[in-house]
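Quick note: the coordinates plus some simple rules give every number you see, no bench work behind them. Here the structure is a predicted model, which means the values were calculated and not measured. As a convention, Cβ positions derive from the backbone with ideal geometry for all residues, glycine included, and neighbour counts pool all protein chains shown.
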Amino acid sequence: MPTRSRKTAETRPANAGRVLVSGGAGFIGSHLVERLVARGDRVCVVDDLSTGVESNLAPVRDRIEFVGRDLSLALEHELRAERFDQIYHLAAAVGVELVMNEPVRAIETNVDLTAQLLRFASASNTPTLIASSSEVYGKPGKELFSEEDDVLYGPTSVTRWSYACSKAIDEYLALAYAREGRVPAVVCRFFNTVGPRQLGDYGMVVPRFVRAALAGEPLRVYGDGSQSRCFCDVRDVTELLPRLLGEPTAAGRVFNVGSDSPITIMELAELVIDTLKSESTIITVPYSDAYPGGFEDLRHRRPDLTRVREAVGFDASTVLIQTIRDIAASLRQSASLGSEGGV
């Protein structure tokens with residue numbers, strides 16, 4: 001059964017906005033909700049909790065409205081007559097493992113929900129931020145990815161590229177709505193956002209490594225570990241998003257969001273072990289043993305941040321070592337609550 005609750009803070013600034021966050025109980029979404037509440041916004045969160053966790057919202061639960069339902073149904077029912085000052089659309093299929101194991105769910109979630117959300121936003125011309133992914137770039141054969149680069153995907157028989165295509169369609173839709181003057185939409189391509197509350201259940205490498213290191217288990221590095229990524233702390237990312245959506249010149253544009261400091265996956269495993277003083281070892285696992293057939297990896301993925309820096313002056317400030325420590329603290333706290341019968 002869908003759940004809906006509304007609890008209003010005793011005092012709010014007179015200019016507080018009414019904001020909708022889809023996927024707000026998720027990893028990035030919950031951190032964004034906290035930031036929006038802190039600036040005085042009246043926030044409505046919609047999340048069906050398929051990958052989100054309601055306890056992520058515990059710090060602000062008494063100051064938000066929560067609709068525990070699929071976004072599609074919420075837009076047709078609870079939110080049908082409501083209007084918002086801003087919308088952040090973060091509801092999506094997440095993680096390589098989920099995409100590989102449930103491709104139909106991933107494609108339909110990404111495309112159908114975004115289309116419906118944009119139609120809803122167009123009724124009141126509401127500024128809307130669409131969360132996209134660096135996966136959109138496909139396999140361009142270069143290390144530095146810029147927003148105007150051509151994209152190259154593998155054949156449709158390779159499941160991995162279905163996610164990239166679905167997110168690209170989301171971008172086409174958002175930009176088309178912006179071009180027609182129906183929604184001042186901003187598209188953000190996230191590059192490996194990491195931090196507390198992120199789960200390793202869907203293939204996210206940093207929390208997976210941290211969990212293994214805390215348990216003294218081997219850290220499983222897929223492939224040979226020489227592939228590199230740029231990891232950005234979620235608190236840096238969610239500080240940026242409201243600034244981008246509030247910047248008039250950002251409407252109708254795509255922005256890379258992340259860090260541009262690369263690290264190989266083998267170096268990451270070593271850093272996690274060293275940071276947490278773990279006795280864990282590192283083992284390499286062939287991709288064929290880690291994923292279903294049809295998986296292709298990218299050797300390198302590094303964003304060109306020129307555009308976002310010029311627009312709002314962004315630079316990530318949280319170092320990866322601190323992020324690793326904070327993820328470990330979050331996992332320890334969750335384990336402690338679980339042992340006491342909490343959630």
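Tell me, what HN-Hα J-couplings in whole Hz come from the Karplus equation 6.51 cos²θ - 1.76 cosθ + 1.60 at θ = phi - 60° for each residue of region 216-233, using x for Gly and Pro?
Each residue's phi maps through the Karplus curve to give x, 8, x, 8, 8, 9, 7, x, 8, x, 7, 5, 10, 9, 10, 9, 10, 5 Hz.
Given axes a ≥ b ≥ c from the Cα gyration tensor, I'd like to know whether region 137-259 is rounded (a/c under 1.5), prolate (a/b larger than b/c) or oblate. Let's see the in-between values first.
On the way: a/c = 2.39, a/b = 1.50, b/c = 1.60.
Judged from the Cα gyration tensor, region 137-259 comes out oblate (a/c at least 1.5, b/c at or above a/b).
Classify region 239-328 from the C-alpha gyration tensor, please: rounded if a/c falls under 1.5, else prolate or oblate depending on whether a/b exceeds b/c.
Working: a/c = 3.03, a/b = 1.63, b/c = 1.86.
Oblate, because a/c is 1.5 or more while a/b does not exceed b/c.
Using just the helices of the chain, give the 222 nm mean residue ellipticity in deg cm²/dmol: DSSP H runs with n ≥ 4 each add -39,500 (n - 2.57), and the total is spread over all residues, rounded to 500. Present the calculation step by step, with values, prior to reporting the outcome.
Numbers: 11 runs with 129 residues, N = 343.
My calculation for the chain gives -11500 deg cm²/dmol from helical runs alone.
For region 25-88, just say rounded, prolate or oblate: build the C-alpha gyration tensor, square-root its eigenvalues into a ≥ b ≥ c, call rounded for a/c under 1.5, and beyond that prolate if a/b exceeds b/c, oblate if not.
Details: a/c = 1.96, a/b = 1.18, b/c = 1.65.
It is oblate, given that a/c is not under 1.5 and a/b is not larger than b/c.
Please give the FRET efficiency for A176 paired with L144, using the beta carbon to beta carbon distance and R0 = 22 Å, rounded to the nearest 0.05. Please list the in-between numbers first.
Numbers: r = 27 Å, r/R0 = 1.24.
Calculated transfer efficiency: 0.20.
Can you tell me which of 127-136, 255-264 comes out highest on packing, and rank the rest after it, using the mean Cβ neighbours within 10 Å? List each step's numbers first, then the result.
Working: 127-136: 24.2, 255-264: 20.9.
The packing order, highest mean first, is 127-136, 255-264.
Can you give me the distance in nm between label points at D297 and E217, each placed 7 Å from the Cα along the Cα-to-Cβ direction?
Label-label distance for D297 and E217, simple model: 1.9 nm.
Between Q333 and V319, what is the label-to-label distance in nm when each label sits 7 Å out along the Cα-to-Cβ direction?
Taking the simple label geometry, Q333 and V319 are separated by 2.2 nm.
Give me, ordered by chain and number, the residues 5 or more places off V194 or on other chains with an amide H under 5 Å from its own placed amide H.
When sequence neighbours closer than 5 places are left aside, the close amide H contacts are C232, D233, V234.
Expected output is a single nm value to one decimal: the length gained when fully extending between E247 and S288, i.e. 0.36 nm times separation in residues minus the C-alpha distance. What is it? Could you put the intermediate results ahead of the total?
On the way: separation 41, 0.36 × 41 = 14.76 nm, distance 4.44 nm.
That works out to 10.3 nm of additional length.
What per residue convex hull volume, in Å³, do the alpha-carbon atoms of the chain yield?
On the way: hull volume 47.5 nm³, N = 343.
Given the Cα convex hull of the chain, per-residue volume reads 139 Å³.
Tell me, what is the percent relative contact order of the chain, built from C-alpha pairs under 8 Å that lie six or more residues apart?
Numbers: 672 pairs, mean separation 57.0, N = 343.
Answer for the chain is 17 percent.
Each label point is 7 Å from the Cα along the Cα-to-Cβ direction; what then is the distance between the points at L271 and S122, in nm?
My value for the distance between the label points is 4.2 nm.
With viscosity set to 1.306 mPa s and temperature to 10 °C, compute the Stokes-Einstein D of region 229-275, Rh being the Kirkwood radius across alpha carbon pairs; µm²/s, no decimals. Write out the running numbers ahead of the final one.
Working: Rh = 12.8 Å.
Diffusion coefficient, whole number: 125 µm²/s.
So if I restrict to the alpha-carbon atoms in region 100-177, what is the Rg, and what is Dmax, the biggest pairwise distance, in Å?
Answer for region 100-177, Rg first and Dmax second: 13.6, 41 Å.
Want the number for S157 to E76: 0.36 nm per residue separation, take away the alpha-carbon distance, what's left? It would help to have the intermediate numbers written out before the result.
Working: separation 81, 0.36 × 81 = 29.16 nm, distance 3.45 nm.
Once the chain is fully extended between S157 and E76, it gains 25.7 nm.
To the nearest 20 debye, what charge dipole does the chain have about its Cα centre, counting +1 at the Cβ of each Lys and Arg and -1 at the Cβ of each Asp and Glu?
Numbers: 38 positive and 46 negative charges, 162 e Å.
Its charge dipole is roughly 780 debye.
Give the relative contact order (percent, whole number) for region 12-82; include only Cα pairs under 8 Å separated by 6+ residues. Intermediate values should be presented prior to the final figure.
Details: 111 pairs, mean separation 22.2, N = 71.
Dividing the mean separation by the residue count of region 12-82 yields 31 percent.
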